[in-house]
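Data block below; observations after.
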Amino acid sequence: MSLPRLLRRLLSALLTLLILVVLCFSLVRLVPGGPFDEESHLSTAVREYQQHTYGFDRSLPQQLGLYVLQLVQGDLGLSTLFQGQSVVVVISRVLPTSLNLGLLVLALSWFGGIGLGTIAFQNKSQKIVRFLHWLFLAAPTLFLGPVLILIFSIWWNLLPAAVDSRWQSWVLPVLVLAIRPTANIARLLMSGLDESLAQPWVQTAMAYGISQKRIIGRLAFRQSLIPTLAYLGPAIAGIFSGSVIVESIFNIQGLGSLFAQALLNRDYNLTVALTLFYGSILIGINVLIDAVMWRFEPRMESAL
């Protein structure tokens, strides 16, 4: 990717993040209720003091302007759920757990999907993979988690039902998050291989006696990876969104469960910070994927 196009993508990413901050900041404050409403034991004077301390007594445009100014300086504000603690400190405590979970799921989905799609294509088992794809596409994460716990933890007693210090306890949550993207990547790879083998240059190569396996291994496989690379952005978004439910089901103290707590307790600063964090990762991953896809197919630069 050329430098001007890369700079244009980066500026577009910054503008997208700014819009995301403004929308999220405004929406969470328009929701009825506040972070101190459930604390009935607080006197009116104490509640007003807390509202003033966090700046909630100002108008919405003033709060937004002050937040953006603090954000530019690297200050994400204080958490009302974890009173007296910086949002950065709160997020940093659980960030390694969610990153480890996300990386495990992404690696399993990518290598598992590529391996499954290749084996199914070579053994003419595409219908099985397509059936599994539609099956897992119809099964939500909220359904898959309890079903796997019922089978592997209660009926067979093979794996723990909640995450603890044992590595075995991570198997079920990783599987729940990885099943759907694995099936999608396998299907995309098989579709890409079908399209690549239908190209005239492939038919010509096969007419000259070059075996199909050699064509797939050296030429068609690389071309077929482009759709799977393009899918990584939505896959990561699905992993992040699904982690909110999975972390709650398997008692994982990560960003997903923290995000749910922030929403339920009207922690404005923490909610906006987590939304900004998720958005930054997704936008950054999409820019990186575009650059990698251009390396596979330079003609796609005109579309970036």
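The values are calculated or read from the model by the stated rules, or taken from the named source; none is laboratory data. Computed from a predicted model, the values in this text were never measured in an experiment. Quick reminder, even Gly has a Cβ in these numbers, built from the backbone with ideal geometry, and neighbours come from all protein chains shown.
Just a few scattered comments:
- Among the residues of region 78-95, some residue qualifies, meaning at least one is at pLDDT 90 or above and among the charged types (D, E, K, R).
- Among the helices (runs of 4 or more DSSP H) confined to region 192-275, the ones with at least 1 residues that are closer than 30 Å to Ile19 by Cα and not β-branched (Val, Ile, Thr) are located at 221-249, 255-264.
- Among helices (runs of 4 or more DSSP H) entirely within region 78-189, having at least 1 residues that are surrounded by fewer than 21 Cβ atoms within 10 Å (Cβ to Cβ), on the phi < 0 side of the Ramachandran plot and of a type in the set (D, E, K, R) singles out 87-122, 126-138.
- Applying the criterion of being farther than 30 Å from Leu144 by Cβ and small (Gly, Ala, Ser) to the residues of region 178-230, the residue that is modelled with the lowest pLDDT is Gly217.
- The set of residues in region 68-93 that are within 13 Å of Phe25 (Cα to Cα) and out of contact with any helix residue (DSSP H, G or I) (no Cβ under 6 Å at 6 or more places or on another chain) comprises Val68, Leu71.
Results for (1) within 29 Å of the chain's Cα centre (by Cα); (2) free of Cβ contacts under 8 Å to residues at least 24 places away in the same chain, shown as yes or no for each residue.
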site: Arg187; (1), (2): yes, no
site: Gln199; (1), (2): no, yes
site: Ala230; (1), (2): yes, no
site: Pro234; (1), (2): yes, yes
site: Gly238; (1), (2): yes, no
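- Which numbered condition Arg47 misses (of (1) closer than 18 Å to Val31 by Cα; (2) over 31 Å from the mean Cα position of the chain (by Cα)): (1)
- For region 1-30, taking the residues that are surrounded by 13 or more Cβ atoms within 10 Å (Cβ to Cβ) and β-branched (Val, Ile, Thr), the one that is farthest from Ile283 (Cα to Cα) is identified as Val28.
- Within region 3-16, residues that are within 13 Å of Ala291 (Cα to Cα) reach partners that are of a type outside the set (S, T, N, Q) and in a helix (DSSP H, G or I) with beta carbons closer than 6 Å, at six or more positions or on different chains, in the pairs Arg9/Val287.
- Screening region 46-63 for residues that are aromatic (Phe, Trp, Tyr) and assigned to a loop (DSSP other than H, G, I, E, B) and picking the one that is surrounded by the most Cβ atoms within 10 Å (Cβ to Cβ) gives Tyr54.
- Filtered residue count, region 135-168, keeping only those that are under 18 Å from Gly242 (Cβ atoms) and free of Cβ contacts under 8 Å to residues at least 60 places away in the same chain: 10
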